[in-house]
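The values are calculated or read from the model by the stated rules, or taken from the named source; none is laboratory data. Note that the coordinates shown come from a computational prediction; the quantities given were computed from them, not determined experimentally. No Cβ is skipped: glycine too gets one built from the backbone with ideal geometry, and neighbour counts run over all protein chains shown. Accessible surface areas use protein heavy atoms only, side chains included; no ligands, DNA or RNA. Shrake-Rupley method; radii C 1.70, N 1.55, O 1.52, S 1.80 Å.
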Amino acid sequence: MSMKGQWKTLFQLFWTFFKIAPVTFGGGFAMIPLIENEVVEKRKWMKSEEVTDVFALSQSVPGAVAINSATFIGHRIAGMKGAMAAMIGVSLPTFLIVLLLGIVYFFIQDNPKVESAFISIRVSIVAIIAYAAIKIGKSAVVDKSTFCILIVGIPVLFFLHPVMVILAGALAGIVTISIKRKLGYDVKMDKKDRKIEENDFEPFMGAGI
């Protein structure tokens, strides 16, 4: 890649995450649908399954999910410089907004309209996070075993730290895939594998009718 093309990619990374950060309320989890829309659907930088892996990895290491995700995605696309561009892009607007709101909130914190607005925002955040979970689940659940891991993992989160749940899920995945391969079953790693199988059977399912 030429120097001009490299700088263009770095600016696109910076600008993509710079746009996402100011309009996302509710933290990193609420940012997931917007990140996936920009990175997968608009820019075509990564596949949906790859972004899902990034989100899972971002939650298993210390730090904010949004910053971790941006850093991982930036590094995947443009190396260390890409990681820096994406990290600065997602952090800078939030820093400036929080700084400004901190000053403004000091003067209007007892205003009834402000308190009412925050009540509505909190409810909206729950809906955004639920939407993000459903969208990621569509690409993460590829067969019955992954569905079972999902069902077991949800109640376990109420008793164990998320990091422990992620590690347990990784171990369960390794064990499950090993058992399947030993028993001779086909292992599906993502949704694409299932679509290929379905397409292979299309000529035999009413093609001549």
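If the condition is being open to solvent by 20 Å² or more (accessible area, probe 1.4 Å) and not hydroxyl-bearing (Ser, Thr, Tyr), then segment 53-74 contributes 53, 56, 57, 59, 61, 62, 63, 64, 65, 67, 68, 72. When 119, 88, 77, 129 are checked against the criterion of being open to solvent by 60 Å² or more (accessible area, probe 1.4 Å), touching a residue at least 12 places away in the same chain (Cβ under 8 Å), farther than 30 Å from residue 175 by Cβ and outside any loop (DSSP other than H, G, I, E, B), a single residue qualifies: 88. Every listed requirement among (1) open to solvent by 60 Å² or more (accessible area, probe 1.4 Å); (2) without any contact (Cβ under 8 Å) to a residue 40 or more places away in the chain is met by residue 114 save one, (1).
Filtered by the rule that a residue be hydroxyl-bearing (Ser, Thr, Tyr) and under 25 Å from residue 35 (Cβ atoms), segment 90-139 gives 91, 94, 120, 124, 131, 139.
For segment 34-59, the tally of residues that are modelled with pLDDT under 80 and either within 8 Å of the chain's Cα centre (by Cα) or among the small types (Gly, Ala, Ser) (or both) stands at 1. Checked against (1) over 20 Å from the mean Cα position of the chain (by Cα); (2) of a type in the set (A, V, I, L, M, F, W, C); (3) not in a helix (DSSP H, G or I), residue 103 passes all but a single condition, namely (3).
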